[in-house]
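Just below is one structure, and these are the notes that go with it.
The values are calculated or read from the model by the stated rules, or taken from the named source; none is laboratory data. Fair warning: this is a prediction, and the values are worked out from it, not measured in the lab. All Cβ positions, glycine included, derive from the backbone under ideal geometry; neighbour counts span all protein chains shown.
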Amino acid sequence: MKTESSRHVDVSIVVPVHNCRPYLDRCLTSLLTQRVSKEIVIVDDGSTDGSRDLLADYADKFPEIRVWHQPASGGAAGPRNRAIAHSTGRYVFFCDADDHLGPEALQRMLAMAERNGSDIVLGKMVGHGRKVPTSMFRENRDRAPLGETTVYNTLTCFKLFRRELLTRHQIRFDESLRVGEDIVFSVHAYCHARTISVVADHDCYHVVARPDGSSVMQEPGSRDPLAWLRMIRTPIELMTRHIPEGPLRDHLMRRHFRFDILGQLGAPFLAAAAAERGAIAREVADMCAVWLTDGVLDRLRPIDRLRAASLGDAGRLVRLARVETAPLRRRLTRLEWTGDHLEISGRASLSDSWNGVAVGLLLRERSTGAERRVPVTSVADVFAGGVEVSRLPPGVWDVYVVLACEGVRRVARFGADRDAGVACPAARLAGAVAVPYFTRPGNLSIDIGGHVAAVPGAARLTRAAWGGKGTLTIEGAVTVGDGRPAARCARHVVWRERSSGSERRVPAAAVGGAGFTATATLDAPGVWEAELEVDLGGPPLRYPVQVGGADPAEQASVAGQSGLAGQPDLAGQPGLAGQAGLAGQAGGAGQAGLALADLGPGMVWWRGHRRWTATARASKIRRRLVVTVLVRGPRAVVRRTIRIGR
């Protein structure tokens, strides 16, 4: 065993070990590579699989690793408490030996704690074969008040704790518990924490399921409903001693009723023997009688309120549990536009041939959680509905199928299972642009405004004319989605200098239904590329202003990436001369027959003794409109004139 180091330690990493030899290398490597001042305090709880020898090797090579050994205690509480007693860091982080940290995890969590004076910092968790909480990791939070966030939903100990908090309030793990000891610890810490922070933009802690199922939480019976209900009384009673009656206690109690108490009346209730179900229901009823206030009841899901109201009817509880756990089958059979309505058809049902199932469609906005119901008609398990996209606010709307039975509402994502030949129709401009698309798992979503989905479109040059001293007026046609004119969406033409990235934005005005025009003065040296900026109801999108007709394969290219292939190459021709034809490809009604004006050799002007030239051309790749502006002093002009004369 190494002696304690006198060096300054920011984080003490506590690792209880019991027969984790296959996972230790990955765990310890992830801890050793954390770029913070640290010590790794390990308590080996009677391992017999070679973990002890491996720990000795690591301790010999790395002075920051300190190891203690003790006889097997049967749980993680004792080893963790002993490790806390030997810790010297300003903060303590708990890591199980079969899990591991992501790169820079402690660096980011420590920075968050230092910046905000945090007592507890939650780092985003990632599950590998095990479920992890997600609701509290949607955004970074410098301060996450218990009563205004869902941080209390995660009661594991895999967090960064200020050691002074643990010492001052004597917060330790309950060694009488083999399961749930970290719940008691975390509840106690939450009750005393002044500032709680969240790191949500980085994968910090990786929770790993053991393939052999040998961890405590994977053992059969580790979530026995009666044992769990009796265990959970301890942290609930602890919380109620610290938090007075009122909205905050109701908010925290909601977590316990949803996940710990009424949650036992779902799949665990069905798995229990018939004689045991009565005991489970009575235990839940006793806890409801003590802690289920009106404030808690108002915060519960409908299914949980139904369970609370059915505690005296075991048959009803069984039916509710079966509806909630029955496999939900759904299949997308049709997806197409009818005007500005996106028509969605499919089939949806619960297994086991449930009667009285109502089917519906639901749209849920991804960032705000706002919901819109979609009117549907249904016969048995077949349904059809239409989404009026022009009435949807901007955002990403995920499509769900809803089944209601016995008062239980089942909601599931829709679209991953679909008939052969069902594909997303093209984007459609209806007020804002509406882009149906399938997510990576294959589910259907509708992007109103082009927030995450690519929006096909094109901006094509129809006319260009030089004014004085680098002033260029361009006219063009813009289409979006399935070829609809989008002139009303044009906002600016942006000229971007290729090497420096500097930009010049000039207003664009609509000309008819599909056309736009804009005038810019390009009086700075460089290679300037033109892009049309459009407002389609979401973030501004840009399409390159292109010269010539488009290859049909490139019509579906995204904003800023539209390409043109198979057209005469104008690069190297003076000033886009040659009357390159645009007939029939301007993209809007009434644009056929337009031709590019002959710009001759471009624009030449003098400013003092310096000669300026501006030449327009089409780029070789994707045929973007490009203007090259050059400036030459008197000597350069003379040399070039002599060279041309020879």
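LEU342 meets all of the listed conditions (1) touching a residue at least 60 places away in the same chain (Cβ under 8 Å); (2) part of a loop (DSSP other than H, G, I, E, B) but one, namely (2).
Could you identify the single residue in LEU332, LEU363 that is under 30 Å from ALA490 (Cα atoms) and surrounded by 18 or more Cβ atoms within 10 Å (Cβ to Cβ)? Can you show your working first?
Details: LEU332 fails: under 30 Å from ALA490 (Cα atoms).
Matching residue, one of LEU332, LEU363: LEU363.
Assess whether ASN140 counts as being more than 26 Å from the chain's Cα centre (by Cα), polar (S, T, N, Q) and in the same structural domain as GLY180 (by TED's automatic domain parsing). So ASN140 fails the test.
For the stretch 342-359, name all the residues that are within 25 Å of VAL433 (Cα to Cα) and crowded, with 18+ Cβ neighbours inside 10 Å. Can you show your working first?
At the first step, the residues of the stretch 342-359 found to be within 25 Å of VAL433 (Cα to Cα) are 342-346.
Result: LEU342, ILE344, SER345, GLY346.
Out of the residues in the stretch 2-17 that are of a type outside the set (Val, Ile, Thr) and at pLDDT 95 or above, which is farthest from ARG210 (Cα to Cα)?
Applying the first criterion (of a type outside the set (Val, Ile, Thr)) to the stretch 2-17 yields 2, 4-8, 10, 12, 16.
So of that shortlist, the ones also at pLDDT 95 or above come out as 10, 12, 16.
On the way: ASP10: 31, SER12: 25, PRO16: 16 Å.
Among residues in the stretch 2-17 that are of a type outside the set (Val, Ile, Thr) and at pLDDT 95 or above, the one farthest from ARG210 (Cα to Cα) is ASP10.
Report, by residue number, each residue of the stretch 388-447 that is among the polar types (S, T, N, Q) and not in a strand (DSSP E or B).
SER390, THR439, ASN443
If you check VAL408, VAL374, which single one turns out to be aliphatic (A, V, I, L, M), at pLDDT 95 or above and over 25 Å from ASP535 (Cα atoms)?
Working: VAL408 fails: at pLDDT 95 or above.
On inspection, the qualifying residue turns out to be VAL374.
In the set ALA434, ALA384, ALA348, only one residue is farther than 20 Å from ARG330 by Cβ and either touching a residue at least 40 places away in the same chain (Cβ under 8 Å) or not hydrophobic (A, V, I, L, M, F, W, C) (or both); that residue is ALA434. Quick check, is THR338 among the hydroxyl-bearing types (Ser, Thr, Tyr) and in contact with a strand residue (DSSP E or B) (Cβ under 9 Å, 6 or more places away or on another chain)? Yes; evaluated as a whole, the condition is true for this residue.
Yes/no matrix, rows are residues, columns are (1) at pLDDT 55 or above; (2) under 21 Å from ARG428 (Cα atoms); (3) among the acidic types (Asp, Glu); (4) not assigned by TED's automatic domain parsing to the domain that holds VAL478:
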position: ARG504; (1), (2), (3), (4): yes, no, no, no
position: PRO544; (1), (2), (3), (4): yes, yes, no, no
position: GLY549; (1), (2), (3), (4): yes, no, no, no
position: ALA553; (1), (2), (3), (4): no, yes, no, no
position: GLN567; (1), (2), (3), (4): no, no, no, no
position: LEU570; (1), (2), (3), (4): no, no, no, no
position: LEU576; (1), (2), (3), (4): no, no, no, no
position: ALA583; (1), (2), (3), (4): no, no, no, no
position: GLY588; (1), (2), (3), (4): no, yes, no, no
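Total residues in the stretch 426-452 satisfying the condition of being crowded, with 20+ Cβ neighbours inside 10 Å and closer than 21 Å to ALA509 by Cβ: the figure is 3.
To keep it simple, each residue is scored yes or no on (1) farther than 24 Å from VAL359 by Cβ; (2) touching a residue at least 40 places away in the same chain (Cβ under 8 Å).
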| residue | (1), (2) |
| --- | --- |
| ASP286 | yes, no |
| VAL296 | yes, yes |
| ILE303 | no, yes |
| ALA308 | yes, yes |
| ASP313 | yes, no |
| THR333 | no, yes |
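Within the stretch 138-153, the only residue that satisfies the criterion of being crowded, with 21+ Cβ neighbours inside 10 Å and either on the phi > 0 side of the Ramachandran plot or assigned to a loop (DSSP other than H, G, I, E, B) (or both) is ALA144.
Could you check, for the stretch 242-258, whether at least one of its residues is in a loop (DSSP other than H, G, I, E, B) and crowded, with 16+ Cβ neighbours inside 10 Å? Within the stretch 242-258, one or more residues are in a loop (DSSP other than H, G, I, E, B) and crowded, with 16+ Cβ neighbours inside 10 Å. Using the structure shown, decide if THR517 is touching a Phe, Trp or Tyr at 6+ places or on another chain (Cβ under 9 Å), assigned to a strand (DSSP E or B) and on the phi < 0 side of the Ramachandran plot. Against the criterion (touching a Phe, Trp or Tyr at 6+ places or on another chain (Cβ under 9 Å), assigned to a strand (DSSP E or B) and on the phi < 0 side of the Ramachandran plot), THR517 does not qualify. Answer with yes or no whether ALA209 is under 31 Å from the mean Cα position of the chain (by Cα) and modelled with pLDDT under 95. Considered against the rule, which asks whether it is under 31 Å from the mean Cα position of the chain (by Cα) and modelled with pLDDT under 95, ALA209 comes out as yes.
Using the structure shown, decide if THR234 is modelled with pLDDT of 95 or more, part of a helix (DSSP H, G or I) and within 18 Å of GLY75 (Cα to Cα). Reasoning before the result, please.
Working: modelled with pLDDT of 95 or more: yes; part of a helix (DSSP H, G or I): yes; within 18 Å of GLY75 (Cα to Cα): yes.
The answer is yes for THR234.
Based on what the data block shows, is GLY75 in contact with a helix residue (DSSP H, G or I) (Cβ under 9 Å, 6 or more places away or on another chain), over 23 Å from LYS124 (Cβ atoms) and not aromatic (Phe, Trp, Tyr)?
Working: in contact with a helix residue (DSSP H, G or I) (Cβ under 9 Å, 6 or more places away or on another chain): yes; over 23 Å from LYS124 (Cβ atoms): yes; not aromatic (Phe, Trp, Tyr): yes.
Yes; evaluated as a whole, the condition is true for this residue.
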